[in-house]
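Q: Submitted below is the structure of interest, expressed as structure tokens.
The values are calculated or read from the model by the stated rules, or taken from the named source; none is laboratory data. Predicted model, so just to flag it, every value in this text is computed and none were measured. Cβ atoms come from the backbone with ideal geometry, glycine included; neighbour counts cover every protein chain shown. Note: accessible area is taken over every heavy atom of the protein model, side chains too, but ligands, DNA and RNA are not part of it. Shrake-Rupley method; radii C 1.70, N 1.55, O 1.52, S 1.80 Å.
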Amino acid sequence: MTRKMDATTRYERARERVLNGDLDRRKFMGLLGAAGAAYGLVTPYRALAQSVSEVRFDGWGGVVSEALRANAFDPFTAETGITVVDGTFGGGDEYLSRVKASQPGEYNIAHLSGVFDYARYHGLGLTSELNEANIPNLEYVIPKLVEVFRKVSDGSLSCVPYDYGTTGLAYNRKHISDEEMKEKGAKILIDEAHKDKIGGWSDWRTRMWYAALQTDQDPNGVTDEDACWDAIRAHRDLALKYWTSGAELMSLLAEEEIHVTEGWSGRIYALQEQGHDIGYYDPPNGYGWQECMFVLKGSPMEACEELLNFMLAPETAIAVAEGQNYPPALDPQKVELGDKIPTLPAFDPSGTLEGLTFADPAYWNGHEADWSKTFGRVQKGY
Amino acid sequence: MSSVEAREARQPWILLSPALTAVGLLLFVPLIFIVVYSFWLRTATGADVAGFHLDNWAEALTDAFYRDILISTLRIAAITTVVCALAGYPAAYFIARSRGNKMILLLLLMLPFWISYIIRTMSWINILGVSGAINSALMALGVISEPINMLYNETTVILGLVHFLLPFMILNIYVSLEGIDTNLEDAATSLGATRWQSFLEVTLPLSLPGLAAGGLLCFVLGAGTYITPLVLGGPTDAMFANLVFEAIITQLNWPLGSALSLMLLAVLGLLVAIYNRYLGMAQLMKGLG
């Protein structure tokens, strides 16, 4: 009977021959070196050659990852035998940097935020082309969310929309009343009365968006940039800390290190569920965003499409949404979403999302290089 | 040269070859990539343009922003080093001169290395935070009625760095003190010096190489850190390594990030070269060993 010899068996046989004196040491070392070189050369291409047994997914960590793991990845593995290896990132910029340093196929699916991220990845040639016939559950998704991606990638899709939410104002009700929040709106983040109890995400887009609101400008069409930078400086001088992840945001609010910050709707809902008296308010023109499951170029497409279809199945998408506290991209006009989802912040029962203001990808990506650099300086006291 | 001599001459190189290969592949080759990258340019979309452009270097060397943050970084590293020296010397002296329980004390010194640096840094949030141990204790004792803001400033960054670097200082001074013959101190006292004088005139000068080695390690490691200011710093407490992180990760500007990282490497390399010129690397190797 013959059996396929793996690398370990091959090494053990060579070692045995050396110990028996059948192979001189020099030849053994030479073979070992050649094996190492061959392994190093072949490894990057293994993903293309072998049958797909795993797919890599990267997301935002915390309650979001937990919800995906429990409600989507584990059941998917049980059904298909394909393992989903999940990693986390602190933001789209950080993930893009990792992808840039990787081999094609190393990263497969990412939970990206905002159409501007999608457009940026498309601009860098990282988009794939999904075979939508393999994702029949795409029909349940809110059409507006799909179309905006199609426009960026010339009619095809490299992602499926998955959820949406807002970055609104989160405040500790022990120190800030609902009335004060409504009265001051975004300007509460530059209110001297809360000095050293203010937080903020160290993300240039969010800072610029809120600066536009604080200076009564349209976030998708700032006309007075200097006023915005001044507002960002004012916020910086009053802030205790710029947070860098959802976990840090929740910790700062829960520990009462800060009393007010802008925050992600799902994370704030999670804090409220934990019993913290944290209020959440979306100011007029508040920051709305949609997230998608993006498949990178070079990924095993059929396995990824199978996973995306599984994730979009209403029972899965609803369970994930209830776990991560962000409304799913499923159209409420087509799918019954249960009891909890209609109570989540930012939920739109009409499925039109007319009430949310999204970032214009062309506008924000056009300013990315300049504003991200300037914010890096302003953030540090300049 | 006889064949035996030739073999003996080759042997050290053969033995060193795995280490040299590792250093070459994992340090020098990436360093060459970084040097090459520093002359490339980043386009508006985030893609890199290969070529030989001096723009990144011109920006890194002439922009006051980078200079100021570099000076601030060196200042924070210097303060950290001084605090480590002041706190570490008595501890190292105590361990070196203790009898019987030296191994236990050394083991206690090494214990923090068993815990992740990030977790050690984050532990200060539970100690100094608004609902942390100190505020809770002070409020329970009725000393304060409102919690004090102790976190997220330059002092907490220095505290975090001292926490991280103190064992390196203590170990270096300890190695140096261990090499000093205690009879020299006895001889000094028998010649009329007080204990304090014998320490100042004999022990301290002889332990200076260890102090300098610990100082160099603390300074270089402190100046190159980015986790501590990220976790324990406030909005304006960034250090130079944070700029490198931001250029590479947030702005996706690898060419500028490469130039900035080489700039920091050059400054710290210069410091190591000066140290090596006047004190030699042997003491540092002893401390690290």
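Q: Of the candidates B:ALA212, B:ALA188, B:ALA91, which one comes out as most mobile in a Gaussian network treatment of chain B with C-alpha springs shorter than 10 Å?
A: Greatest mean-square fluctuation among the candidates belongs to B:ALA188.
Q: Something else now. Could you report chain B's accessible area per residue, 1.4 Å probe, as an integer in Å²?
A: Ligands and nucleic acids excluded, the figure is 53 Å² per residue.
Q: Considering only protein heavy atoms, with the full assembly of protein chains and a 1.4 angstrom probe, order B:LEU54, A:LEU296, B:LEU105 by accessible area, largest first.
A: Sorted by accessible area, descending: B:LEU54, B:LEU105, A:LEU296.
Q: Same structure again: With a 1.4 Å probe and all protein chains kept in place, how much accessible area does A:LYS100 have, in Å² rounded to the nearest 10?
A: About 60 Å², ignoring ligands and nucleic acids.
Q: Here's another thing I want to ask about it. Can you put B:TRP124, A:TRP229 in order of accessible area, largest first, using a 1.4 Å probe?
A: B:TRP124, A:TRP229
Q: So, one more: Could you list the square roots of 5 times each eigenvalue of the Cα gyration tensor of chain B, that is, the equivalent ellipsoid semi-axes, sorted largest first and rounded to whole Å?
A: Rounded to whole Å, the semi-axes are 37, 33, 17.
Q: Using only protein heavy atoms and a 1.4 Å probe, report how much of B:ILE249 is accessible, in Å² to the nearest 10.
A: Approximately 30 Å² for this residue.
Q: A drop of at least 40 square angstrom in accessible area, chain alone versus all protein chains together, probe 1.4 Å. Which residues of region A:85-105 meet that?
A: The answer is A:ASP93, A:SER97, A:LYS100.
Q: Between region B:188-217 and region A:316-365, how many Å separate their Cα centres?
A: Going from one Cα centre to the other spans 70 Å.
Q: Got the relative contact order for chain A handy, in percent, Cα pairs under 8 Å and 6 or more residues apart?
A: Computed value for chain A: 26 percent relative contact order.
Q: Separate question: With all protein chains present, how much of the accessible area of chain B (probe radius 1.4 Å) comes from carbon and sulfur, to the nearest whole percent?
A: Whole-percent figure for carbon plus sulfur exposure: 72.
Q: Which parts of region A:348-382, residue by residue, lose 40 Å² or more of accessible area when the rest of the protein chains are there, as against the chain isolated (1.4 Å probe)?
A: In region A:348-382, residues shielded by partner chains: A:LYS373, A:ARG377, A:LYS380, A:TYR382.
Q: Just to be sure I understand the interface: list residues from region B:124-143 that lose 30 Å² or more of accessible area between the chain on its own and the complete protein assembly, 1.4 Å probe.
A: B:VAL130, B:SER131
Q: Right, here's the next one. For region B:168-180, in order, what is each residue's ³J(HN,Hα) by Karplus, 6.51 cos²θ - 1.76 cosθ + 1.60 with θ = phi - 60°, in whole Hz (x at glycine and Pro)?
A: Karplus values, whole Hz, x for Gly and Pro: 5, 5, 4, 4, 5, 5, 4, 4, 5, 5, 5, x, 8.
Q: Using a probe radius of 1.4 Å on protein heavy atoms only, what is the accessible area buried between chains B and A, both sides summed, to the nearest 100 Å²?
A: Chains B and A together bury roughly 2800 Å² of accessible area.
Q: What do you get for trypsin sites (Lys or Arg not before Pro) in region B:54-118 restricted to DSSP loop and a cutoff of at most 15 other Cβ within 10 Å of the site's Cβ?
A: In loop regions of region B:54-118 (DSSP not H, G, I, E or B), the sparsely surrounded trypsin sites (Lys or Arg not before Pro) are B:ARG99.
Q: Set the bar at 22 Å for Cα to Cα. Now go through A:LYS241/A:LYS373; A:LYS184/A:LYS373; A:LYS195/A:LYS241; A:LYS174/A:LYS197 and name every pair that lies beyond it.
A: A:LYS184/A:LYS373
Q: Rounded to the nearest 5, what % of the DSSP beta bridges within chain A are antiparallel ones?
A: The answer is about 60 percent antiparallel.
Q: Let me ask something else. If you fit an axis through the alpha-carbon atoms of helix A:25-49 and take the longest principal axis of the Cα set of chain A, what angle between them do you get, 0 to 90°, nearest 10?
A: That works out to roughly 50 degrees.
Q: Compute the helix-to-body angle for A:314-324: its Cα long axis versus the longest principal axis of chain A, expressed 0 to 90° and rounded to tens.
A: The angle comes out at about 70 degrees.
Q: Can you put A:THR215, B:THR194 in order of accessible area, largest first, using a 1.4 Å probe?
A: B:THR194, A:THR215
Q: A follow-up question, please. Let me check against my output: what whole-number percent is the relative contact order of chain B, with C-alpha pairs under 8 Å and at least 6 apart?
A: The value is 26 percent.
Q: Using DSSP, restrict attention to beta bridges with both residues in the protein assembly as shown and report what percent are antiparallel, rounded to the nearest 5.
A: 65
Q: Could you list, by residue number, the cysteines of chain A that have no other cysteine's beta carbon within less than 4.7 Å of their beta carbon?
A: A:CYS228, A:CYS304 - these cysteines have no disulfide-compatible partner (Cβ-Cβ under 4.7 Å) in chain A.
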